[in-house]
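The values are calculated or read from the model by the stated rules, or taken from the named source; none is laboratory data. In this text, all values refer to a predicted model and were calculated from it rather than measured experimentally. Cβ placement follows ideal geometry from the backbone for every residue including glycine, while neighbour counts extend to all protein chains displayed. These area figures cover heavy atoms from the full protein model, side chains too; ligands, DNA and RNA do not enter into them. Shrake-Rupley method; radii C 1.70, N 1.55, O 1.52, S 1.80 Å.
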Amino acid sequence: MEPTTIQLLWFILIAVLWIGYFALEGFDFGVGMLLKLLPRNEKERRVALTSIGPHWDGNEVWLLTAGGATFAAFPAWYALLFSGMYIPLALILILLILRICSLEWRKTINTQRWRSTWDTLHTVAAWLVPFLWGVAFANFVQGMHIEVGTYESGTFIPVPADQLSAANYADAHHYLTGGFFSLLTPFTLLGGVVFVALFLSHGALFLALKTSGEMHTRALRLARRSVPASATLAVIWALIAQFSHAANSTASAAVLLLGIACIACAVFMTWRDIEMPAFLTHFVAIALLVVFIWTAIYPSVMKSSVDPAYSLHLVQASATAPTQTIMTIAALVFVPIVLGYTAWGYWVFRRRISVAQVPDEAAGLDPRNIRRFAASGSTAFPDDKQ
């Protein structure tokens, strides 16, 4: 099965969407991981949150677009992915909602207890989501317990791998039959740790780039320690993936060498305090990790660990050519617009933030006013009565 040009184009475009999501949202998650560790007081914590405030919700658009594009361009991939990995993806969705609530609701009530509670929940979500993404993407590389067959009276009947044909595919579908715990292996768990470590160092580099004063010094010191550690873990994981699981070994080896060179530059620049180039090369290293994963699984979109014949091929997963043609026209119109306003947003909010710029009084309502408001039954805002 040879994919067409437009099928290859959308396979690459979906990889680009995941690159945008991980490389941009990665520093959001990193700042969230450090929220209870790096800042030493409330004002420093507000500096950290302000640094990601203009960007975090725009960064999540990449995830929504990646999911939507997969659904439209490769419906069989979307169906197998979301039905087979239902539990981890549902956990990710719940944690992302929790993180959004933490960012939006923290400032609504002006008490230390309220803010601390949401900061803790934000931190927990920021650690767990990258770990789950890492486990999921490591499963793409390793291969999952996927078989082709049918369900009859609730029992799965597989089609023998040596009897698969176009006729059998007409009545059978791909199913992930291993269950949730088949997704957890030493390799996939290490993938989760790699994603956590990379995003933590990405967040430290971002905070060093966006803050000044003592917080900048602490963020840079943490980046000097975390970037080499995360780089080492990522290289170890990628080498295991290359020699044990890569389906397209020549292309993935080339990407791996490029990624190692890039992350070595990031380590060197971090140690020399060259902040912007260090952040950008770390950004490219994360992008190359996604490219490595895509090249390692190609021409499949989901590999089977049971038998290669059960793997879901790019052509089998693809939508019709007219559908992908319409999507391509839409992408040509809207992607430049999205890239343009994203770049504009980062340019507008490019300056460093310091504790001196943060007001002494935190935002939010006094809970005593809220209680009086509820008791009075008035429709007036509490502050209007004073």
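Numbers below:
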read-out: Test: residue in the stretch 113-122 that is open to solvent by less than 20 Å² (accessible area, probe 1.4 Å), closer than 23 Å to V193 by Cα and in a helix (DSSP H, G or I); value: yes
read-out: Strands (runs of 3 or more DSSP E) wholly inside the stretch 129-176 containing at least 2 residues that are of a type in the set (A, V, I, L, M, F, W, C), modelled with pLDDT of 85 or more and buried (at least 22 other Cβ atoms within 10 Å of the Cβ); value: 146-152
read-out: Hey, A204 open to solvent by less than 30 Å² (accessible area, probe 1.4 Å), in a helix (DSSP H, G or I) and without any contact (Cβ under 8 Å) to a residue 40 or more places away in the chain or not; value: no
read-out: Sole exception among (1) of a type in the set (G, A, S); (2) open to solvent by less than 20 Å² (accessible area, probe 1.4 Å); (3) outside any helix (DSSP H, G or I) for A241, by number; value: (3)
read-out: Boolean, A319 is among the small types (G, A, S), at pLDDT 90 or above, touching a His at 6+ places or on another chain (Cβ under 8 Å) and buried (at least 17 other Cβ atoms within 10 Å of the Cβ); value: no
read-out: Number of positions in the stretch 256-266 that are surrounded by fewer than 22 Cβ atoms within 10 Å (Cβ to Cβ) and either touching a residue at least 12 places away in the same chain (Cβ under 8 Å) or of a type in the set (S, T, N, Q) (or both); value: 5
read-out: Filter pass, Y310 being hydroxyl-bearing (S, T, Y) and within 21 Å of the chain's Cα centre (by Cα); value: no
read-out: Considering residues of the stretch 1-48 that are part of a helix (DSSP H, G or I) and of a type in the set (D, E) only, the residue nearest to M215 (Cα to Cα); value: E44
read-out: Residue identified as touching a residue at least 40 places away in the same chain (Cβ under 8 Å), in a helix (DSSP H, G or I) and out of contact with any Lys or Arg (no Cβ under 8 Å at 6 or more places or on another chain) among A90, A69; value: A69
read-out: Test: residue in the stretch 198-205 that is small (G, A, S) and closer than 22 Å to N41 by Cβ; value: yes
read-out: Residue count, the stretch 306-332 (criterion: in contact with a strand residue (DSSP E or B) (Cβ under 6 Å, 6 or more places away or on another chain) and part of a loop (DSSP other than H, G, I, E, B)); value: 2
read-out: Out of L258, L220, L198, sole residue that is part of a helix (DSSP H, G or I), under 29 Å from A90 (Cα atoms) and modelled with pLDDT of 90 or more; value: L198
read-out: Residues of the stretch 333-371 that turn out to be open to solvent by less than 70 Å² (accessible area, probe 1.4 Å), in a helix (DSSP H, G or I) and closer than 15 Å to N110 by Cα, as a count; value: 3
